[in-house]
Structure formats: C-alpha cells, structure tokens
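The structure appears below as structure tokens.
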Amino acid sequence: MAVSMTGTVGLRQAANYLARLGSLFVTHLPPSALWTWVFVKGGRTISETAILQDNATHHAHVVLPLSCMPGPDISDSRRWQYCAAHGVMGGLCDEVSPDALPPPTPPPVTYQTALARVPVVVTAGNRHQYLYHSLTTLLRAPGAEHNNVEVVLGDATPSTTQLLQLMNVTFTTLTLRGQGNNRLFWYYRDVFRLVANKFPDAPAVIFLDEDIEVSPDFFSFMSQTLWLLDADPTLYCVNGHSAMGLQGLAFDSTRVFRGAVQVEWGYGVTLDFVREALALWEDVSTHNTAFYDFWLYMNVRKGRECVFPEITRTLHFGMGVNTDPYRKEKGPMSMVLVREAPIALRNVARLRLTTWRHDLSRNISAAIPLRGNPCRATFLPDTPTSPHYVFYYKLDMLRDGTGRPDPYQYFQPTECLGMWSLSEQGHHQGIAIVRFAESATLYLVGVPYSHYSHLRPSTVPLWDADALTDQEFEQMSNYTQARDAGTSIIANVNVTSRILMKELSTV
C-alpha cells in the first residue's frame with residue numbers, strides 16, 4: 001500500500017482498521033505524509049516507511065516472499081480474471097461472500113410508476129473502483145430499475161468496459177476533446193445530446209457521476225418529487241444532494257426545500273430542460289467554457305429553483321479534477337447520508353411557489369427576531385422556545401446584471417453559522433434557511449435583496465457586515481477558525497518524526 005501527497009487526509013475511520021491489521025504509522029500520519037506499507041493479509045508487517053512533513057522523494061525496497069494460497073471458486077472465471085488484475089473492488093472480489101452478479105432486483109417504491117420511463121444516466125471514465133461502488137449502491141436502492149440505467153463513458157479504459165460487461169449494465173462511449181474543465185464541459189454537452197436523442201419522450205432524466213453514493217431512499221425521494229418539475233414552471237431540477245448537513249445542520253429526513261442552486265451530485269431534470277440547455281450550448285465559444293453545472297446555473301436556469309432534501313440522499317465521495325481534499329473532508333464527506341428507506345416526504349405539494357411563499361411569509365412573521373453578531377457563541381439559543389427564528393441582515397444585489405446577491409455580504413452570516421458559505425447558492429429569493437436544532441429553524445433574510453424584506457419590523461435593526469470594525473471582523477474570523485478547529489476531522493496536522501517516535505516508544 002502506498003499513499004502520497006494528500007492521500008492520508010481521507011483515511012478517516014479506515015486508519016483505525018488498518019492499525020488493527022498491524023500498521024504502526026497509519027493513525028499518526030499528517031495530511032501531507034508519504035507512506036508505504038507492505039504486509040501479509042491477516043496481520044504481519046514486512047515493511048512500513050513514512051516521510052511526515054518534508055517534500056522528498058520516497059523510496060522503499062522490499063524483497064517479498066510469495067506463497068501459494070488457495071484461490072476462490074473459479075466457476076465464475078470472468079469475475080476472477082478481472083479481480084486478479086484489479087484491486088480495491090470491494091464486494092466484487094470478496095473471496096468469501098462476493099457480490100451477486102448482476103445485482104438482484106431491489107423492491108419497488110410506493111410511487112414506482114413515476115420512475116418507469118425515467119432513464120438514469122451515469123457519467124463515467126477510467127475510475128472503475130469508484131464506478132463499481134456507485135453502481136452497486138444505485139442498483140441495490142429500492143426502486144432501481146436495471147434496464148433504465150445507462151453509463152456514458154468518456155476516456156474509458158478496458159478496466160471500465162469489462163466491469164460494465166460483468167455487471168450487465170448498458171453503456172455508450174463518447175469521443176472526447178480538450179483538456180481539464182474544457183474537456184468536461186464538452187463531454188457533458190455530448191451527454192445531454194445523447195440523452196435528448198435516445199430518450200426524447202422520457203418525462204425526466206436522472207444524472208449521476210461515477211463517484212456518487214446514493215442513499216437507499218434515493219429513488220423513493222425522486223419518485224415523490226420529480227412531478228413538481230411539470231407542475232411548477234419556477235422549478236428546473238430536483239437535487240438528491242443537499243448542503244444543509246454541513247456542521248450537523250440537518251435533522252429531519254422527511255423535509256424538502258427549494259432554492260436557487262445549480263444541479264448537484266445526483267439530480268433530475270426534464271427533457272425540455274435538456275433541450276433548452278443544448279440550444280444554448282451549441283452557441284458557446286470553445287474558449288468560453290466553465291464548470292458545466294455552474295454554466296447551466298448562470299445561463300440556462302433563468303431564475304428557476306431546485307428542490308432538495310434537508311438530509312442528503314447522495315454523497316460525493318470521489319477525488320477529481322476540481323476537488324480539494326481538505327475542503328472535501330470538511331464538506332461533503334462530513335455529511336450524514338440517509339440510510340433508511342422508504343421515507344414519506346412531508347408537504348411536497350407545498351413546494352410550489354405560491355404555497356411556499358405563503359408558508360415562508362407566515363413562519364417569518366411569527367418568528368422571534370435574533371439580534372447582534374451571528375459569530376457570537378450565544379447568538380443561537382441553546383434551548384429554543386419557538387419553532388421559528390429570523391435574522392435580518394444587509395444584502396444588496398450585484399451591479400453586474402446577473403441578479404445575484406452580493407457574495408461577500410452573504411458569506412459573513414452563513415460562515416458564522418457553519419453553512420456552505422463559499423457560494424451564495426441555496427437561498428430562496430434572498431432567504432437562507434438554517435435548521436440549527438431538531439425543533440427550530442432560523443430564516444436569514446437579506447435586506448433589501450430579499451422578496452421578503454418587507455416583513456422586517458421597523459424596530460428590528462439590520463445587521464451590516466460592511467459596517468464591522470477591524471476588531472469586530474478579526475473576532476469573527478477567530479470564532480470561525482476556532483469552531484472549525486474543534487470539529488475538524490483532518491488529524492495529525494502538526495505531527496513530526498520526533499513526536500511520532502516518542503508516541504511509538506510509549507506503546
């Protein structure tokens with residue numbers, strides 16, 4: 001086993017498992033460690049080396065004696081030939097209790113008919129280990145229909161195509177061009193084009209990437225919400241992913257929200273939206289490309305919103321072109337995925353704009369106003385006495401013609417409260433919703449940007465991040481840094497060789 005650069009950031013609980021197998025170093029490795037470990041399956045270390053902090057070339061030379069061990073039943077020869085050439089394949093290559101091939105048909109969900117003609121398109125490339133995990137969770141989820149799943153490949157190696165043949169999953173291969181994000185931008189355009197041509201009469205399509213783990217409730221969630229895309233023209237997508245789970249700000253798996261957000265990890269859109277996107281995609285300059293999902297948000301969304309759950313139904317576990325390991329660990333990987341199914345969603349019909357506005361206005365009008373600095377440790381009540389709280393803060397519209405709120409002003413209160421603050425996405429017409437306790441919701445109302453600004457009583461002051469003194473701003477920064485340090489799951493940042501040797505000498 002070899003890990004380099006930032007690979008040890010993501011070990012998490014696996015480090016404890018590897019320690020039980022015999023590794024001395026694994027629970028002490030800092031994020032930048034270079035590490036090799038050669039061991040006998042069952043618990044005997046042959047060699048283990050690590051460079052903890054320095055940027056250096058890491059060499060390990062080991063003479064490894066080989067032994068003849070009985071192999072698995074070779075009646076399924078294609079599977080074991082594949083496993084002999086590929087590692088880290090989970091249950092596919094488990095010699096004791098291997099996964100069934102193809103995966104057995106899962107039970108239906110209550111609204112199965114809503115999924116009958118909905119293709120599930122998985123975009124994939126050469127990360128076959130990721131793809132196997134994604135497809136396994138997908139095809140095991142109640143409501144999954146094997147025949148509806150289609151994998152669209154780009155840059156696929158034989159390792160990926162052989163895997164899909166083993167799993168009996170339909171796939172199509174596209175020819176790619178460009179590099180980096182430019183390559184991805186045009187790949188997704190071609191994926192949309194394929195869907196429009198192959199499934200022109202489908203009521204909707206669900207898109208997933210090869211590094212998405214779905215909840216057992218994923219298809220149940222989709223079956224209860226996809227109809228909204230036809231019922232409400234102010235909606236354009238249903239996201240299985242939700243960022244509300246950051247810092248533990250999610251409690252109720254039956255609740256669903258709507259807001260201005262881009263399509264995210266595991267989403268459904270109508271074929272009309274696919275065709276809308278393609279009509280604009282054709283005119284994009286080859287040099288004027290961006291992240292495809294953000295491009296859809298900025299150019300095709302046209303003010304519409306998405307539906308998303310309070311507790312996420314998808315987990316983005318992979319590392320790719322645009323992934324930072326530190327941010328990944330503190331963001332998507334820290335969120336809890338719903339493990340139960342099926343879950344009956346609450347008040348789905350009230351997500352339509354008219355009723356959603358009515359309910360929000362009523363709740364905000366009845367809410368207890370909070371005052372002062374949201375970075376103050378006592379800002380949120382420890383014991384809520386009301387189901388609804390509201391905080392009014394200054395939020396202006398950008399003057400660039402996009403209609404977006406000022407990201408700096410939005411960042412300050414959301415960062416204080418542990419929300420996803422690096423983008424203003426997630427709000428509904430200037431309202432960001434924070435579930436800070438199981439029985440309490442906080443509404444952040446940005447004034448004057450918000451459609452709901454008129455609900456602020458004249459006696460309630462408006463908090464203004466632009467008016468902060470340097471001392472107040474420094475105090476806010478210290479608060480968020482201390483909070484993040486207390487909850488960080490990235491361990492051993494300051495470990496040195498001396499510290500490690502002292503630790504191991506006392507074991």
| field | Enumeration of residues in region 262-295 that are in a helix (DSSP H, G or I) and either within 26 Å of Val434 (Cβ to Cβ) or among the polar types (S, T, N, Q) (or both) | value | Asp293, Phe294
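Check Tyr408, Tyr389 and return the single one that is at pLDDT 95 or above and among the aromatic types (Phe, Trp, Tyr).
Tyr389
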| request: Would you check if there is a residue in region 467-474 being touching a helix residue (DSSP H, G or I) at 6+ places or on another chain (Cβ under 7 Å), part of a helix (DSSP H, G or I), touching a residue at least 40 places away in the same chain (Cβ under 8 Å) and more than 30 Å from Leu11 (Cβ to Cβ)? | output: no
| query | If you take the residues in region 243-269 that are out of contact with any Gly (no Cβ under 9 Å at 6 or more places or on another chain) and among the small types (Gly, Ala, Ser), which one is modelled with the lowest pLDDT? | reply | Gly245
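Is it the case that Val118 is surrounded by 14 or more Cβ atoms within 10 Å (Cβ to Cβ) and either closer than 28 Å to Ala2 by Cβ or in contact with a strand residue (DSSP E or B) (Cβ under 8 Å, 6 or more places away or on another chain) (or both)? Don't jump to the end; show me each part of the working.
On the way: surrounded by 14 or more Cβ atoms within 10 Å (Cβ to Cβ): yes; either closer than 28 Å to Ala2 by Cβ or in contact with a strand residue (DSSP E or B) (Cβ under 8 Å, 6 or more places away or on another chain) (or both): yes.
Yes; evaluated as a whole, the condition is true for this residue.
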| query | Taking region 242-279 as the region of interest, how many residues are farther than 13 Å from Phe308 by Cβ and polar (S, T, N, Q)? | reply | 3
| message | Pairs please, first residue from region 160-175 and farther than 21 Å from Phe192 by Cβ, second anywhere and acidic (Asp, Glu) and surrounded by 16 or more Cβ atoms within 10 Å (Cβ to Cβ), Cβ atoms under 6 Å, 6+ apart in sequence or on different chains. | response | none
| query | Has region 156-170 got any residue that is in the same structural domain as Val122 (by TED's automatic domain parsing) and over 22 Å from Val88 (Cα atoms)? | reply | yes
| request: Mind listing just one residue for me: the one in region 342-371 that is basic (Lys, Arg) and assigned to a helix (DSSP H, G or I) and, of those, farthest from Tyr389 (Cα to Cα)? | output: Arg350
| task | Among the residues of region 198-233, write down those that are more than 23 Å from Arg435 (Cβ to Cβ), in contact with a strand residue (DSSP E or B) (Cβ under 7 Å, 6 or more places away or on another chain) and not in a helix (DSSP H, G or I). | result | Phe199, Ala204, Val205, Ile206, Phe207, Leu208, Asp209, Glu210, Asp211, Ile212, Leu226
| said: If the requirement is being of a type outside the set (A, V, I, L, M, F, W, C), within 34 Å of the chain's Cα centre (by Cα), modelled with pLDDT of 90 or more and surrounded by 13 or more Cβ atoms within 10 Å (Cβ to Cβ), which of these qualifies: Thr110, Thr27? | reply: Thr110
| Residue pairs meeting the criteria (Cβ under 8 Å; at least 6 apart or on separate chains; first under 16 Å from Met419 (Cα atoms) and hydrophobic (A, V, I, L, M, F, W, C), in region 475-489; second surrounded by 11 or more Cβ atoms within 10 Å (Cβ to Cβ) and modelled with pLDDT of 60 or more) | Met476/Asn373; Met476/Cys375; Met476/Gln412; Met476/Cys416; Met476/Leu468
| field | Residue in region 400-410 that is in contact with a Ser or Thr (Cβ under 8 Å, 6 or more places away or on another chain), surrounded by 15 or more Cβ atoms within 10 Å (Cβ to Cβ) and of a type in the set (Phe, Trp, Tyr) present | value | yes
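The values are calculated or read from the model by the stated rules, or taken from the named source; none is laboratory data. Quick caveat, the model's predicted, so the values are computed rather than measured. Heads up, the Cβs are rebuilt from the backbone with ideal geometry, glycines too, and the neighbour counts pull from every protein chain shown.
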